[in-house]
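Rule-based calculations on the coordinates, nothing more; no lab input. Quantities reported herein were computed from a predicted structural model and do not represent experimental measurements. With ideal geometry, Cβ positions are generated from the backbone for all residues, glycine too; neighbour counts draw on all protein chains shown.
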Amino acid sequence: MKTQVAVIGGGAAGLLCAGVAAGRGLHVTVIEKNDRPARKVLVTGKGRCNLTNQTDLQGLIQAVPTNGRFLYSAFCGFGPQDMMELMQRLGVPVKVERGNRVFPVSDRAMDVADALVKFAKQNGAQIMTDTAQGLEITGGQISGVQLKNNGRLCCEAAVVATGGLSYPKTGSTGDGYGFARQAGHTVIPPSPSLVPLTVHEGDAAAMQGLSLRNVGLTVVDTVSGKTVYTDFGELLFTHFGLSGPVILSASAHLRPMQPERYRIQIDLKTALNEQTLDARLLRDFGENANRDFANALGGLLPRKMIPVIVARSGIAPHQKVHQITRAQREQLLHLIKGLTFTVTGFRPVEEAIVTAGGVDVRQVNPKTMASKLCNNLYFAGEVLDVDAYTGGFNLQIAFSTGYAAGSSVLREAKA
């Protein structure tokens, strides 16, 4: 078998790359191990697919904590507006929500995945179901790809768009790191990003399954004493610690990760300042003056949280409400406005939304995504050592780098 361009990986980066390259008249074959391409796209945005973020160039780069400047040319070449217009042309109208997050109007990730497949195929790319097992490099340049089921695919160029290590059930199993090393590339050790956190305190597990909306989050680096992240939104307690959107976003800022270095403070009542909350407590306590303290918080806190707050407050569960002192009430108030947890680490990389680490970008041309070490080898997407915050930025990285590679591959040969 023979093709001009072999794209290894039929995800967001690979499909966009394939469509762009095939649109230039090149013979392109996508090698995808799954029965259907774009499996990871299907699980993004809780099945809705937050496909990009409608922000400017500076906003994009600021959302990429690792090697953001490397992406300058790629973002300039194909940005959020370009992606939104492409979706419209492919029959998937989009909408902009809070935080400039862009979703399909249908709220169906399947529509985005199908559109990407359509883009690649309509432009002439072929999609082959097989597993790439290695690159063939002859005289310092790509000559083929070794396949699990179909022997070898001869090619003039290869694009590695295999993703990272997160969501391994979708096919992201780190294969691309091996291909990169084969060509002499350095791979920055992969680590989780946008991932749930484990905590020291056992009472998080006591609240397992409890989801809180509209809470405030502050993360403090206890080594420097500085606040490293603040956010507002939804949080989930789990058997190991904390998860939910605000926690996933916060995790990208916890670098370097060291056990018990970071302290999380949760404001359970963001709509109330301390004075207003104190007035609320006084009112609730007045209505429950003769009840036990443990039975007087039902109007203020979720049932599952009450035993934890009672235990942490230092107020005896059976103390009558009318006996609670002003000092005890102030202590309770500060607890509700700043429930703290000590971070002990990340959950495994397999549970992360994206993978930090990957192919060292110093060995990749930022304008073309071409390898500086092996001729006609390109990289696109999460396999590179770039990762961003939540909000559609990681998919935009995939699209922008995929576009750069697809626009550049065999450019001189085609000309």
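Before moving on, here are some points about what is shown:
- Put in order of Cβ neighbour count within 10 Å, fewest first, the listed residues SER251, SER73 become SER73, SER251.
- Taking ILE31, ILE309 and counting other C-beta atoms within 10 Å, the order from fewest to most: ILE309, ILE31
- Calculated [222 nm] ellipticity per residue, helices only, for the chain: -8500 deg cm²/dmol; basis is -39500 (n - 2.57) per DSSP H run with n ≥ 4, divided by all residues, nearest 500.
- For the chain, the extents of the C-alpha atoms along the principal axes are 84, 40, 38 Å, listed from largest to smallest.
- Estimated distance in nm for a label pair at GLN141 and HIS239, the labels positioned 7 Å out from Cα along Cα-to-Cβ: 5.5 nm
- Rounded, prolate or oblate (a/c below 1.5 giving rounded, otherwise prolate when a/b exceeds b/c) for segment 197-277 by Cα gyration tensor: oblate
- Residues whose amide H falls under 5 Å from that of GLU136, counting only those 5 or more places apart or on a different chain, are SER143, GLY144, VAL145, GLN146, with hydrogens built in the peptide plane.
- Centroid-to-centroid separation of segment 355-389 and segment 1-80 [C-alpha atoms, Å]: 13 Å
- Bridging of LYS226 to lysines at a Cα separation below 26 Å is possible for LYS269, LYS337, once same-chain residues fewer than 8 apart are set aside.
- Euclidean distance between Cα centres, segment 309-335 to segment 141-215, Å: 47 Å
- Under 15 Å from LYS95, Cα to Cα: aspartates and glutamates that are on another chain or at least 8 residues apart: ASP82, GLU85, ASP107, ASP111
- For THR342 and GLN208, the FRET efficiency from 1/(1 + (r/R0)^6), where r spans their Cβ atoms and R0 equals 25 Å, is about 0.90.
- In order along segment 84-90, phi translates into HN-Hα couplings of 5, 5, 4, 4, 4, 5, 8 Hz, rounded to whole numbers, per the Karplus curve 6.51 cos²θ - 1.76 cosθ + 1.60 with θ = phi - 60° and x for Gly and Pro.
- Relative protection proxy for 192-200, 270-278, from highest mean packing down: 192-200, 270-278 (other beta-carbon atoms within 10 angstrom).
- In terms of distances greater than 22 angstrom between alpha carbons, the cross-link table entries LYS2/LYS40; LYS40/LYS118; LYS33/LYS118; LYS2/LYS148; LYS148/LYS372 yield LYS2/LYS40; LYS148/LYS372.
- Placing +1 on each Lys and Arg Cβ and -1 on each Asp and Glu Cβ, with no other charges, gives segment 196-346 a dipole about its Cα centre of roughly 140 debye.
- Cβ-placed point charges (K, R +1; D, E -1), dipole of the chain about Cα centre in debye, nearest 20: 260 debye
- Contour minus Cα-Cα distance for GLU85 and ARG362 (0.36 nm per residue): 96.6 nm
- Sorting ASP175, ASP360 from the fewest to the most surrounding beta carbons within 10 angstrom yields ASP360, ASP175.
- Prolate is the label for segment 196-346, because the ratio a/c of its alpha-carbon gyration tensor axes (a ≥ b ≥ c) is 1.5 or higher and a/b is greater than b/c.
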